[in-house]
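Colleague: Take a look at this one; I'll ask things after.
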Amino acid sequence: MEFTLPQTVRLNSKKIKQIREEKGLTQLYVATVVGVTIDTISRWENKRYPSVKRENALKLAQTLEVDVQDILEEGEEERHENLDNSEVESREERRGPEDDSTTSEKQGLKNVFIVGIMALLFGAGGLFAGYFFFRPSNLPLDISAVRYLPARCAQGSQFPVLIGVNITPQTRRTILLKEDIPRTLKVLKTVPRYTSIEKGLLKWLYQGDTSKLKFVYIAQMPTSVKEGKRLRFKGLVTIKTSQTVNVNVGGNNCVIAAPFHWADKNGDNRIDDEEILDAYQLLSGVKGMTAVLKEVENLWAAGQYKWDKGTKRFIPQKQATKQEAKIAS
């Protein structure tokens, strides 16, 4: 006979705690997802609430990623075949709403205790242990990785490449970023510093907050490359949760060798107001980019520029006004 879940059910406290710990979930995480307090989760696991509402049992099973019957007491089905639902009263309900003053005071004390424990863990060098204790291991992840690469760049000149990585929920994780670049490309600087670099391969091994990360490297276009040649890039982000997850880096994946500055998006030999704002927005907050942005600022202030193949430099040229052009003619 198919089992119909009654209005209230009895939980198997030992199974709940066992499943939660096996999955690496904290009471704080389970309480947040189910929509109850940490104190309630503790009472469920210590059999201080033998009967709970059907909705809470279903939410708890969904959070633990198990069938609801896996967390019920044995014989729960038979018990409710002969017991009228009206006779079963949850101790949870008899105690009154969980947001009453007594529960609030207890929850406040418990929150203070949790904050104190976390401070001790971090202050005593227990960051690693704290991370694994509090992190939810099986949350669904939203991962994005996008590369900014200028459309064109002069042979022998330098240009920045930025890879933005964002992983939510926001928590501490370890990620591996690998960037395949043309073997003829010279990497002059990376922020943060690369973990390893080989011919045609950059690697970063990063541990920390994974929200809105920026990986930047300054590269130099080869002088030997022919004008019009396309140089292609490919990247991969790898993280480990309950399983290994690989995400390709999207965005621009090629740059063309052409006699233009990297910030000159439309290739008209001038840096306009929109282009300098884009350059500053791209590299804002990235350490060591002062000289790179200063060059963009000088070209923007001059109005125009030209590329000197001999010196491999961009030469600022003041844009003549209409009156100056009339006098010169």
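Colleague: When only residues in region 242-253 that are in contact (Cβ under 8 Å) with a residue 24 or more places away in the chain and over 18 Å from L282 (Cβ atoms) count, which is surrounded by the most Cβ atoms within 10 Å (Cβ to Cβ)? Give the steps one after another, and end with the answer.
Modeller: Here is the first cut: in region 242-253, the ones in contact (Cβ under 8 Å) with a residue 24 or more places away in the chain are 242, 245, 247-253.
Subsequent filtering for residues that are over 18 Å from L282 (Cβ atoms) retains 242, 245, 247-248.
Values: S242: 9, V245: 14, V247: 17, N248: 10.
Once the filter is applied, the top-ranked residue is V247.
Colleague: Is it the case that G267 is of a type in the set (G, A, S) and over 19 Å from S157 (Cα atoms)? Show your work before the answer.
Modeller: Details: of a type in the set (G, A, S): yes; over 19 Å from S157 (Cα atoms): no.
Criteria not met by G267.
Colleague: Against the condition among the β-branched types (V, I, T) and either at pLDDT 95 or above or surrounded by 19 or more Cβ atoms within 10 Å (Cβ to Cβ) (or both), how does I276 come out, does it pass?
Modeller: Values: among the β-branched types (V, I, T): yes; either at pLDDT 95 or above or surrounded by 19 or more Cβ atoms within 10 Å (Cβ to Cβ) (or both): no.
So I276 does not fit the description; no.
Colleague: Does at least one position in region 259-274 carry a residue that is within 30 Å of K23 (Cβ to Cβ) and out of contact with any Ser or Thr (no Cβ under 6 Å at 6 or more places or on another chain)?
Modeller: At the first step, the residues of region 259-274 found to be within 30 Å of K23 (Cβ to Cβ) are none.
No, every residue in region 259-274 fails to be within 30 Å of K23 (Cβ to Cβ) and out of contact with any Ser or Thr (no Cβ under 6 Å at 6 or more places or on another chain).
The values are calculated or read from the model by the stated rules, or taken from the named source; none is laboratory data. Keep in mind the model is a prediction, meaning the values are calculated, not measured. When we count neighbours, we look across all protein chains shown, and the Cβ atoms used for this are built from the backbone with ideal geometry, even at glycine.
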